[in-house]
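Encoded as C-alpha cells, the structure appears first; notes follow it.
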Amino acid sequence: MLTNRILYRPSRATEPVAPHTGAVTGTAADCGLLLVRLTFGLLMAGHGAQKLFGLFGGSGLTGTGQGFAALGYRPGKLFAAIAGLSEFLGGLGLALGLLTPLAAAALIGVMINAMVTVTGAHGLWDTDGGVEYNVGIAVVALGIAAIGPGRLALDRFFRWGFGGWREAVVALGLGGAGAAVALAL
C-alpha cells in the first residue's frame, strides 16, 4: 500500500497551503532556485563585465571587439558590445529573477553563437575546447525560464514569474532568433 501511495501520488497537492501573509518566505525549492540563479546569473554578469569594461581580467570592449572581428563578426566592437550586454544584463536579470524569460533568452542567444562560432568545432568536452560549458549555461537558463525563478525573485509579482511552457518557448525562441540574426549578419 505504501508503494502505491508513493508511485501514484495525486496530481494536486493534498496538504493545506498556508495563506499568503505578504512576507516573502521561501521553501527549500525557492532557496535552491535562488542559489542557482545567483550563481549562474552573477557569473554570466561577470563574464559580460569582462567584455564590456575589462573587469575580472577581461579584454574590455576594444580587445573583445578585435576577437569578434577575427571570428568574422563585423564590426567586431558592435558585436562585442551586444554579446557583453546580453551576458551582463541577462546574468543580472537571471540573478534577480527579473524579466526571467528575456534574461534567459539573452543568455541562450549568446551561448548558441558561442557554440556555432567557437566551441562547436571542438566536440563536446570543455577540455578539448568543446560546447560543454555553453550547453550547460543555455540549459540552466532555459530550465529557469520553464520552472520560473521561484518566490525569492522580483518576477514573483508577474504572470511570467511562475514559469511554464510559454515562458520556455519565449526564452528559447527569442534566444534562437537573436542568435540566428547575429550569425546571419
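The values are calculated or read from the model by the stated rules, or taken from the named source; none is laboratory data. In this text, all values refer to a predicted model and were calculated from it rather than measured experimentally. So basically every Cβ, Gly included, is an ideal-geometry build from the backbone, and we count neighbours across all protein chains shown. These area figures cover heavy atoms from the full protein model, side chains too; ligands, DNA and RNA do not enter into them. Shrake-Rupley method; radii C 1.70, N 1.55, O 1.52, S 1.80 Å.
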Inset, instruction - Look at Ala29 and say whether it is assigned to a helix (DSSP H, G or I), over 24 Å from Ala184 (Cβ atoms) and open to solvent by 60 Å² or more (accessible area, probe 1.4 Å). - result: yes
Legend entry - Residue list for the range 31-77, restricted to those being polar (S, T, N, Q), out of contact with any Leu (no Cβ under 9 Å at 6 or more places or on another chain) and closer than 25 Å to Leu102 by Cβ: Thr39, Gln50
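Restricting attention to the range 138-160, report how many residues are of a type outside the set (Phe, Trp, Tyr) and more than 12 Å from Ala103 (Cβ to Cβ).
Here is the first cut: in the range 138-160, the ones of a type outside the set (Phe, Trp, Tyr) are 138-156, 159.
Next, from what is left, pick out any that are more than 12 Å from Ala103 (Cβ to Cβ): 138-139, 143, 146-148, 150-152, 156, 159.
So the answer is 11.
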Inset, instruction - Please identify the pairs in which a residue from the range 163-183 that is in contact (Cβ under 8 Å) with a residue 12 or more places away in the chain has its Cβ atom under 7 Å from the Cβ atom of a residue that is in a loop (DSSP other than H, G, I, E, B) and not hydrophobic (A, V, I, L, M, F, W, C), counting only partners at least 6 apart or on another chain. - result: Gly163/Gly148
Legend entry - Residues (at pLDDT below 95, surrounded by 14 or more Cβ atoms within 10 Å (Cβ to Cβ), of a type outside the set (A, V, I, L, M, F, W, C) and part of a helix (DSSP H, G or I)) located in the range 156-185: Arg156, Gly161
Inset, instruction - For the range 112-140, enumerate the residues that are in a helix (DSSP H, G or I), free of Cβ contacts under 8 Å to residues at least 60 places away in the same chain and of a type in the set (A, V, I, L, M). - result: Ala114, Met115, Val118, Ala121, Val135, Ala138, Val139
Inset, instruction - Kindly indicate whether any position in the range 99-107 is open to solvent by 30 Å² or more (accessible area, probe 1.4 Å) and over 23 Å from Gly72 (Cβ atoms). - result: yes
Legend entry - Selected residue [at positive phi, in a helix (DSSP H, G or I) and modelled with pLDDT of 95 or more] from Phe88, Phe40, Phe56: Phe56
